[in-house]
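Engineer: Let me begin by handing over the structure; questions about it come next.
The values are calculated or read from the model by the stated rules, or taken from the named source; none is laboratory data. Keep in mind it's a predicted model, so treat the numbers as computed, not measured. Backbone-built Cβ (ideal geometry, glycine too); neighbour counts: all protein chains shown.
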Amino acid sequence: MADSTIPYFIDPNAGFDWWWPARTPGPLGLNDHGDPNVTTRLGNTPGPLGINDHADVNLRRVTSPSGAPIGQACRLPCGTAVTVGSRTPKPEALSITVIIVAGGPLTAGTIHAVNEAAATTPAQWRRGIAYDEHVNVGGSLAWRANNPGNLRTASTKIGEVSGAVGKFAVFNTLADGRAAQRELYLDKYGAMTVRAAIGMLTPPSENDTAAYLALLQHAGVHLDKTVASQIDLLMPAVEANEGLIAGTVVQRVP
């Protein structure tokens, strides 16, 4: 006859009725009701230190090389402190697409900061480009890529990024992008009229070239004079037309 002082339960998975002595929930991390992430079922025997609760097959295994007592925090190889019996936290993922052109992979702190910046960025601009020390989040492509002239390529580019039509060069700084734009305009188009050069730089197949020329003329650019003679007026006018709209600069977190 069973001892009436010990609680019993019937194991529904045993395939037959059998009385097993029940186990009272122990400290946190040991088959415990106190941890909302752990499924507890009376009668289950807890596994060794750091092994997931037997009642929850989906609970991630946690090992404690330091031999910490059950219920205390132990550390995973990644250094994240967890409680024995609890779920291992998942690393935060980027909420937007970020093209890394320099500086290597983003740290967890940088990813969190980028996600915070992206949360307040208009949906059409939720993209980023990562550089050595920072990430440009949002803003227009011309701003993110430090490419105010939206150049396709240049000898000083450090990468490239896809745009609405094809790929565009990425420069380390806005100054580098402007220098590349000026060099291209003078070396390749300097002797041409502005009208003819713009017809090649912004072809009607990709742009409303007539409207583009009208905007340049409104900015004071003489369309039928040479690019070389109009370069100081042409550069800022093109930059304005291309839409150099700033976003958020997120500094990399070590």
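Engineer: Any idea which residue in region 173-205 is nearest to Val135 (Cα to Cα), counting only those that are out of contact with any Lys or Arg (no Cβ under 9 Å at 6 or more places or on another chain) and among the polar types (S, T, N, Q)?
Structural biologist: Thr173
Engineer: Cβ contacts < 8 Å: first residue in contact (Cβ under 8 Å) with a residue 24 or more places away in the chain, restricted to region 151-169; second residue among the acidic types (Asp, Glu), any location; separation 6+ or different chain. Result?
Structural biologist: Listed by first residue and then by second, the contacts come to Ala154/Glu183; Thr156/Asp176; Val165/Glu206; Phe168/Glu160; Ala169/Glu160.
Engineer: So, in region 156-175, of the ones that are at pLDDT 95 or above, out of contact with any strand residue (DSSP E or B) (no Cβ under 8 Å at 6 or more places or on another chain) and in a loop (DSSP other than H, G, I, E, B), which residue ends up surrounded by the fewest Cβ atoms within 10 Å (Cβ to Cβ)?
Structural biologist: The qualifying residue surrounded by the fewest Cβ atoms within 10 Å (Cβ to Cβ) is Thr173.
Engineer: Still on this structure, I have one more. Which members of region 176-200 meet the condition of being crowded, with 18+ Cβ neighbours inside 10 Å and in contact (Cβ under 8 Å) with a residue 40 or more places away in the chain?
Structural biologist: Those that are crowded, with 18+ Cβ neighbours inside 10 Å and in contact (Cβ under 8 Å) with a residue 40 or more places away in the chain: Arg178, Gln181, Tyr185, Val194.
Engineer: I want to confirm something. Restricting to region 202-238 and keeping residues that are in a helix (DSSP H, G or I) and in contact (Cβ under 8 Å) with a residue 40 or more places away in the chain, which single residue is surrounded by the fewest Cβ atoms within 10 Å (Cβ to Cβ)? Quick ask: steps written out before the conclusion?
Structural biologist: Kept after step one, since they are in a helix (DSSP H, G or I), are these residues of region 202-238: 209-218, 227-238.
Okay, now just the ones that are also in contact (Cβ under 8 Å) with a residue 40 or more places away in the chain, so 227-228, 231, 234-235, 238.
On the way: Val227: 22, Ala228: 14, Ile231: 17, Leu234: 27, Met235: 17, Val238: 25.
Once the filter is applied, the top-ranked residue is Ala228.
Engineer: Additional query: Kindly provide the set of residues from region 98-124 that are within 13 Å of the chain's Cα centre (by Cα) and assigned to a helix (DSSP H, G or I), ordered by number.
Structural biologist: Listed by number, the residues that qualify are Ala108, Gly109, Thr110, Ile111, His112, Ala113, Val114, Asn115, Glu116, Ala117, Ala118, Ala119.
Engineer: Just the residues that are small (Gly, Ala, Ser) and surrounded by fewer than 16 Cβ atoms within 10 Å (Cβ to Cβ), please, taken from region 120-155. Give the derivation first.
Structural biologist: So the first thing to find is which residues in region 120-155 are small (Gly, Ala, Ser), and the list is 123, 128, 130, 138-140, 142, 145, 149, 154-155.
Across region 120-155, the qualifying residues are Ala123, Ser155.
Engineer: Sticking with this one: Working carefully through the options Arg178, Arg195, find the one that is assigned to a helix (DSSP H, G or I), in contact with a Phe, Trp or Tyr (Cβ under 9 Å, 6 or more places away or on another chain) and either of a type in the set (D, E, K, R) or farther than 14 Å from Asn147 by Cβ (or both). Quick ask: steps written out before the conclusion?
Structural biologist: On the way: Arg195 fails: in contact with a Phe, Trp or Tyr (Cβ under 9 Å, 6 or more places away or on another chain).
Only one candidate passes the filter, namely Arg178.
Engineer: Which one of the conditions (1) in contact with a Gly (Cβ under 9 Å, 6 or more places away or on another chain); (2) under 24 Å from Tyr189 (Cβ atoms); (3) free of Cβ contacts under 8 Å to residues at least 60 places away in the same chain does Ala142 fail to meet, given that it meets all the rest?
Structural biologist: (3) is the only condition that Ala142 fails.
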